[in-house]
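The values are calculated or read from the model by the stated rules, or taken from the named source; none is laboratory data. As the structure is a prediction and not an experimental result, all values here were calculated from the model. Methodologically, a virtual Cβ is constructed for each residue, glycine included, from the backbone with ideal geometry; neighbour enumeration extends over all protein chains shown. In case anyone asks, the SASA skips ligands and DNA or RNA and just uses the protein heavy atoms, side chains included. Shrake-Rupley method; radii C 1.70, N 1.55, O 1.52, S 1.80 Å.
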Amino acid sequence: MVSISLFSQEIIGAPALKPSATAPPRYLFLFIGDGMGPAQIKLADAVLDSQHTLTMNSFPVFGLATTHAENRYITDSGAASTALATGKKTTVGTISMAGNHLDTLITIAEMAKAKGMKTGIVSSVGINDATPACFYAHTPSRSNSYDIAVQMASSGFDYFGGGYAEGNLPENRQKAHTFKGDIAERMRSAKYLITRNRNELQKVKPGIRCWAYTGYDAKAAMDYAMDRNQENISLEEFTREGIRLLDNPRGFFMMVEGGKIDWACHANDAAAAAHDVKAFDNAIAKAVAFYRRHPKETLIIVTSDHECGGLSLGNRANGYDTRLSLLRRQKISQQRFSEKVSSWKKSGTVTFPMAIDSVNTYYGLSMKDADSTLAITPANYRTLEEAYTTTIKPESTDSFSSAVTGMLNLRAGIGWSSNAHTAIPVQVFAIGRGAERFRGFYDNTDIAKKIMQIAELQKDAPSRINQVK
């Protein structure tokens, strides 16, 4: 039995749970924290020293979901998000098709569209990355990024927001099964307004189909939250603007993904993961503000496709001692620091002592105070010097940045068992009409099935067959 704390009622304004009325919710939100397990959520709370708990933690209903794929115990985002989008298992790497790669699986977003609701897809990574793709596209492989991007225009969805389309980058256009033209031009031909900054997005009027993106990296993703240039649009803003554009009397469905949580965990970058969990939670708060205005008509679900990194808050070196606050000394993500190291390598003018000065600037690690928990010991110095010497060789990859990040993680009491996904069950938070059905322990496919039942979405609703074989 999950109780509702006074704190939950105070922060969220949630009414006491009552049996659902017969009318289905009109407004549906599904938030997916990619790679976000229970430890990642607690890490964000601890590192960022929130005055109040994260918004998702104050939801009145909590459950747990298993994440395995049809053909593998440890899933990927393709199979996991297909389960969340369709209520069906599939094989690793598959985008909303059955494991036989012959049958198209209709998604809850497509069902909502067929019902007359407006639909929106938001992600902090590329808009045709695996998780967002699973809600509007159908293809045997997530690597078909151009073919996935093509399906944005034919989806008829009302709002795409976040990262750029990786499939439209030159290297991916060249890999297309059949090249069908520039993705932006296809979107314009399908009557989508394309916006590239905050001012343009804020001027879009409700009722106009929109593809909105902001500054993006080499993989078409938004910056990590801790690196974000304030001129770029945040995940929170993309969510807020999505609500504004989608709100209408017939309701809407919006999926919002915090995709960079996963990327940070693949890199074993605890500080970056914490900041992106918080950015994801800020987006959730916008949905909660909408829920407060429409408490009897709104359902919000928050979950994850899988855990990544095998994160533990505690490690063998520190035993029972943790100093998670040390992660606040990290000022930029490991990726951004690695970009700096790459520029040093190209210039050939940055010596190792100079690099150590930058380690102090961006991570707080120092040789000046031997008693400090952030002190670089002689043994640490030798380790970092060896990594730097190897890194600056012409054909070498960057081992220096990961060594620095790992050193700070270790002192903070952070442990990682993997650079890949794990099979740890993930959390499910729910609030609003029908939320009580998400209590308990179940499979990730049940999340989609419960949404279908609560929102009265038809599994046999007409769907465009949009896959590229």
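Are there helices (runs of 4 or more DSSP H) fully within region 347-415 with at least 1 residues that are over 19 Å from A270 (Cβ atoms)? List them. Give the steps one after another, and end with the answer.
Numbers: elements: 352-363, 378-391, 400-412.
Answer list for region 347-415: 352-363, 378-391.
Is there a residue being within 26 Å of T91 (Cβ to Cβ), touching a strand residue (DSSP E or B) at 6+ places or on another chain (Cβ under 6 Å) and surrounded by 17 or more Cβ atoms within 10 Å (Cβ to Cβ) anywhere in region 411-421?
Yes; the residues of region 411-421 include at least one that is within 26 Å of T91 (Cβ to Cβ), touching a strand residue (DSSP E or B) at 6+ places or on another chain (Cβ under 6 Å) and surrounded by 17 or more Cβ atoms within 10 Å (Cβ to Cβ).
Let's see how each residue does on (1) among the β-branched types (V, I, T); (2) within 19 Å of M407 (Cβ to Cβ); (3) part of a helix (DSSP H, G or I); (4) modelled with pLDDT of 95 or more:
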position	(1), (2), (3), (4)
I300	yes, no, no, yes
D321	no, yes, no, no
I332	yes, yes, no, yes
F337	no, yes, yes, yes
V341	yes, yes, yes, yes
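Per-residue answers, yes or no, for (1) part of a loop (DSSP other than H, G, I, E, B); (2) touching a residue at least 12 places away in the same chain (Cβ under 8 Å):
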position: R142; (1), (2): yes, yes
position: K175; (1), (2): yes, yes
position: R186; (1), (2): no, yes
position: N199; (1), (2): no, no
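Filter region 240-280 for residues that are open to solvent by 10 Å² or more (accessible area, probe 1.4 Å), hydrophobic (A, V, I, L, M, F, W, C) and within 30 Å of L326 (Cβ to Cβ) and give the result.
W263, A267, A279
Return only the number of the condition from (1) open to solvent by 10 Å² or more (accessible area, probe 1.4 Å); (2) in contact with a helix residue (DSSP H, G or I) (Cβ under 6 Å, 6 or more places away or on another chain) that L84 does not satisfy.
Evaluating L84 over (1) open to solvent by 10 Å² or more (accessible area, probe 1.4 Å); (2) in contact with a helix residue (DSSP H, G or I) (Cβ under 6 Å, 6 or more places away or on another chain) leaves (1) as the failure.
Filter region 250-290 down to residues that are under 22 Å from G120 (Cα atoms), touching a residue at least 40 places away in the same chain (Cβ under 8 Å) and either over 11 Å from the mean Cα position of the chain (by Cα) or outside any loop (DSSP other than H, G, I, E, B) (or both), then give me how many there are. Before you say what the answer is, go through the steps one by one.
First, pick out the residues of region 250-290 that are under 22 Å from G120 (Cα atoms): 250-262, 276-290.
Subsequent filtering for residues that are touching a residue at least 40 places away in the same chain (Cβ under 8 Å) retains 250-262, 276-288, 290.
Going one step further and asking which of them are either over 11 Å from the mean Cα position of the chain (by Cα) or outside any loop (DSSP other than H, G, I, E, B) (or both), we end up with 250-258, 260-262, 276-288, 290.
Qualifying residue count, region 250-290: 26.
Given the conditions (1) among the polar types (S, T, N, Q); (2) under 14 Å from G406 (Cα atoms); (3) out of contact with any strand residue (DSSP E or B) (no Cβ under 9 Å at 6 or more places or on another chain), which single one is not true for S325?
Against the list (1) among the polar types (S, T, N, Q); (2) under 14 Å from G406 (Cα atoms); (3) out of contact with any strand residue (DSSP E or B) (no Cβ under 9 Å at 6 or more places or on another chain), S325 comes up short only on (2).
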